[in-house]
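Accompanying notes for the structure given below.
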Amino acid sequence: MADPVSIAMAQGSSCWGCFQSLVDIHLNLATVLPALDIKYWQAVVDYKLADLEGYPDKSIAVGLYEGMARTEEDV
């Protein structure tokens, strides 16, 4: 099996519906999780921005951003 893909998922100003839909497909998502190394997903786990900023450059292969960027922190 290939090494897991490191990903970070962030949420801007939104209603949380898109991430909730990922949680709702929990049984199907379980088949994909072994292929992922989730470095940051503050909507599901109590990660802080400092946690994300602590990773070295290029250590996260895929970033997913959901919602609007309304504040400087969102950007």
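Considering only residues that are under 24 Å from S21 (Cα atoms) and of a type in the set (G, A, S), look in the range 54-71 and name the one that is nearest to the chain's Cα centre (by Cα). Lay out the reasoning, then the answer.
Taking the range 54-71 and keeping what is under 24 Å from S21 (Cα atoms), we get 60-70.
Imposing the further condition that a residue be of a type in the set (G, A, S) reduces the set to 61, 63, 67, 69.
Values: A61: 11, G63: 7, G67: 13, A69: 16 Å.
Per the stated criteria, the residue is G63.
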Out of the residues in the range 23-48 that are farther than 13 Å from I7 by Cα and either in contact with a Phe, Trp or Tyr (Cβ under 9 Å, 6 or more places away or on another chain) or at pLDDT 90 or above (or both), which is surrounded by the fewest Cβ atoms within 10 Å (Cβ to Cβ)?
V44
Condition (residue is exposed (fewer than 10 other Cβ atoms within 10 Å of the Cβ), modelled with pLDDT under 80 and either in contact with a strand residue (DSSP E or B) (Cβ under 6 Å, 6 or more places away or on another chain) or not in a helix (DSSP H, G or I) (or both)) applied to the range 64-74: is it met by at least one residue?
yes
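May I ask you to verify whether D51 is under 14 Å from the mean Cα position of the chain (by Cα) and surrounded by 14 or more Cβ atoms within 10 Å (Cβ to Cβ)?
Working: under 14 Å from the mean Cα position of the chain (by Cα): yes; surrounded by 14 or more Cβ atoms within 10 Å (Cβ to Cβ): yes.
So D51 passes the test.
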Scanning the range 1-48 residue by residue, those in contact with a helix residue (DSSP H, G or I) (Cβ under 8 Å, 6 or more places away or on another chain), among the aliphatic types (A, V, I, L, M) and not in a helix (DSSP H, G or I) turn out to be M1, A2, V5, A8, M9, A10, A43, V44
Show the residue pairs that are 6+ apart or on different chains and have beta-carbon atoms under 7 Å apart, the first residue being within the range 46-65 and free of Cβ contacts under 8 Å to residues at least 60 places away in the same chain, the second being of a type in the set (F, W, Y).
Y47/Y40; Y47/W41; D51/Y40; L52/Y40
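The values are calculated or read from the model by the stated rules, or taken from the named source; none is laboratory data. Given the structure is predicted, the values throughout are model-derived calculations rather than measurements. We place every Cβ from the backbone using ideal geometry, glycine too, and count neighbours over all the protein chains shown.
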